[in-house]
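Visitor: I have a structure I would like to understand better, so I am pasting it below and will then ask my questions one at a time.
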Amino acid sequence: MMFWLAQSGPLDFYRVQGMETGMPHQLMSGNLPWFSGDKVAQGLLAGLCLLVLAWVLSLDLKRTAARRGLSARSVSRLRLLILVGFFVAWEAALSLPGLRADGVYLPDPRAFWKANPQHHDRIMDTGTGIAGVDRPPQIGIFDQEHVGPKPPGVFRIAFMGDSQVISSGRSVYAGKWTYPKVLETSLHKLGLGGPDGQPVQVINAGMSGHSSWQGLMLLRSEVLPLEPDLVVLAFGYHDSNRSLSRDREVLTDDPLTWRVRTLMYRSRLCLLLRTVILRAQAFRNDRTPPERLQPRVSPQEFAQNLRTFADLGRRRSFRVVFLLEPFAEASTSLHSAQHRLALQEVARDLGVEVLDVHAAFERLPPDLKTTLFDDRIHLTTKGHARMAAVVLEGLVEAGILNPGGQGPTNRQ
């Protein structure tokens with residue numbers, strides 16, 4: 001049944017696009033139910049042991065049936081009971097503390113992965129260089145500072161995008177050092193507020209490896225309940241990454257599909273089989289000729305996704321701003337050039353403000369720009385600070401932020 005679902009075209013419950021973009025950290029976290037391969041091996045070993053036990057019981061049943069003269073119908077029922085018991089016992093074994101996984105991300109029926117509410121990392125403030133959250137998350141994003149109901153008179157900004165929004169160095173989530181949170185701190189220090197001088201809360205809803213299509217799913221399921229007044233979208237890099245199939249062929253906002261996925265993802269046995277299938281697929285994809293690959297989200301689909309974001313903003317009373325991400329190398333910039341052009345065209349058509357951080361970073365001296373990146377796309381803490389300054393300047397110029405703020409808001 002599960003293997004049929006894994007190859008059922010539109011109802012492809014297992015294939016995850018991040019697996020097809022050459023991102024090993026996602027292979028070990030966001031796209032899989034376990035953080036490391038040893039959990040998978042242990043889960044399969046537990047299944048093998050239970051299978052041997054079921055086989056022994058089946059042989060014993062055959063001898064018992066001959067000795068006691070059981071009918072064929074009774075034997076069939078007992079064999080079915082053994083088979084059901086095998087799967088129930090395997091499911092129970094996978095829930096034991098030794099086999100239970102606690103990864104950074106969890107499989108998600110809509111976006112395919114999001115932040116794991118049960119994952120506990122230490123804060124970067126400890127000096128370990130490993131950042132995380134200081135309390136159990138309440139929703140599937142890393143930043144839990146403002147996840148409750150929006151206080152009256154507060155202007156909320158949500159930043160959405162990929163790992164550049166949340167990561168730095170070895171930190172999956174760099175907490176207060178990420179540019180959205182640096183921006184929030186700067187607003188309080190400078191006395192800047194929202195369009196009408198309201199106090200501002202900034203929510204970092206970035207997610208490693210997410211495309212704009214996944215961002216739409218995450219917006220609907222996790223971000224809209226937070227009642228943002230402004231959503232800053234920093235997508236494009238992963239949209240342009242190449243894969244065997246497009247996001248829309250795998251990810252869907254069809255209610256029936258994600259409800260079935262939700263039920264399946266509650267089963268640890270299903271997640272174990274999902275892991276095995278994904279790894280087999282990744283092994284196959286590594287050997288796929290480049291000419292068979294295509295963008296996860298084509299420039300045309302990317303433009304449509306951005307229009308959908310803007311349409312949701314009009315219907316749900318929040319403003320949308322596009323952000324063009326900077327990159328350390330010209331080759332990376334060229335890789336997503338068509339998607340940048342598509343974004344700018346949509347922005348012109350809809351009158352959406354664009355924060356062109358890409359152009360601002362390109363104007364920097366090369367030796368300075370080098371200090372702002374850990375690799376091709378991820379920012380250092382210095383890079384996040386520079387990014388926050390550029391974003392702040394752009395939001396002030398757009399009239400979204402202005403003097404007259406009421407000071408720091410009550411933090412939850």
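Visitor: Mind listing whichever residues of the stretch 213-222 are under 15 Å from VAL321 (Cα atoms) and either surrounded by fewer than 23 Cβ atoms within 10 Å (Cβ to Cβ) or touching a Ser or Thr at 6+ places or on another chain (Cβ under 9 Å) (or both)?
Guide: Hit for the stretch 213-222 is LEU216, nothing else.
Visitor: So which of ALA360, ALA347, ALA385 ends up being under 20 Å from LYS176 (Cβ atoms) and in the same structural domain as GLN201 (by TED's automatic domain parsing)?
Guide: Going through ALA360, ALA347, ALA385 in turn, the sole match is ALA385.
Conditions (1) modelled with pLDDT of 90 or more; (2) out of contact with any Pro (no Cβ under 6 Å at 6 or more places or on another chain); (3) in a loop (DSSP other than H, G, I, E, B), marked per residue:
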{"residue": "LYS189", "(1), (2), (3)": "yes, yes, no"}
{"residue": "GLY197", "(1), (2), (3)": "no, yes, yes"}
{"residue": "GLY209", "(1), (2), (3)": "no, yes, yes"}
{"residue": "LEU219", "(1), (2), (3)": "yes, yes, no"}
{"residue": "VAL231", "(1), (2), (3)": "yes, yes, no"}
{"residue": "ARG259", "(1), (2), (3)": "no, yes, no"}
{"residue": "THR262", "(1), (2), (3)": "no, no, no"}
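Visitor: Taking the stretch 233-242, which residues are buried (at least 24 other Cβ atoms within 10 Å of the Cβ) and assigned to a loop (DSSP other than H, G, I, E, B)?
Guide: Within the stretch 233-242, PHE235, GLY236 qualify.
Visitor: Let me ask something else. With the condition kept exactly as written, say whether any residue in the stretch 37-47 is in a loop (DSSP other than H, G, I, E, B) and modelled with pLDDT under 55.
Guide: Looking through the stretch 37-47, none of the residues is in a loop (DSSP other than H, G, I, E, B) and modelled with pLDDT under 55.
Visitor: When you check VAL357 against the structure, is it within 23 Å of ALA303 (Cα to Cα) and either modelled with pLDDT of 95 or more or among the hydrophobic types (A, V, I, L, M, F, W, C) (or both), yes or no?
Guide: Judged against the criteria, VAL357 is a match.
Visitor: Identify all residues within the stretch 295-332 that are surrounded by fewer than 16 Cβ atoms within 10 Å (Cβ to Cβ) and among the aliphatic types (A, V, I, L, M); write none if there are none.
Guide: The one that is surrounded by fewer than 16 Cβ atoms within 10 Å (Cβ to Cβ) and among the aliphatic types (A, V, I, L, M): ALA330.
Visitor: Could I ask something else about it? Search the stretch 59-71 for residues that are assigned by TED's automatic domain parsing to the domain that holds LEU83 and pair each with any residue that is surrounded by 11 or more Cβ atoms within 10 Å (Cβ to Cβ) when their beta-carbon atoms are under 6 Å apart and the residues are at least 6 apart or on different chains.
Guide: LEU61/LEU78; ALA65/VAL75
Visitor: Exactly one of (1) assigned to a helix (DSSP H, G or I); (2) farther than 30 Å from LYS189 by Cβ is unmet by ARG376. Its number?
Guide: The single condition ARG376 does not satisfy is (1).
Visitor: Output the residue which, of all residues in the stretch 164-185 that are more than 17 Å from the chain's Cα centre (by Cα) and farther than 20 Å from GLN201 by Cα, is surrounded by the most Cβ atoms within 10 Å (Cβ to Cβ).
Guide: Only one residue fits best here, namely GLY169.
The values are calculated or read from the model by the stated rules, or taken from the named source; none is laboratory data. Bear in mind that the values here come from a model prediction, so they are computed numbers and not experimental data. Positions of Cβ are generated from backbone atoms using ideal geometry, with glycine treated the same way; all protein chains shown enter the neighbour counts.
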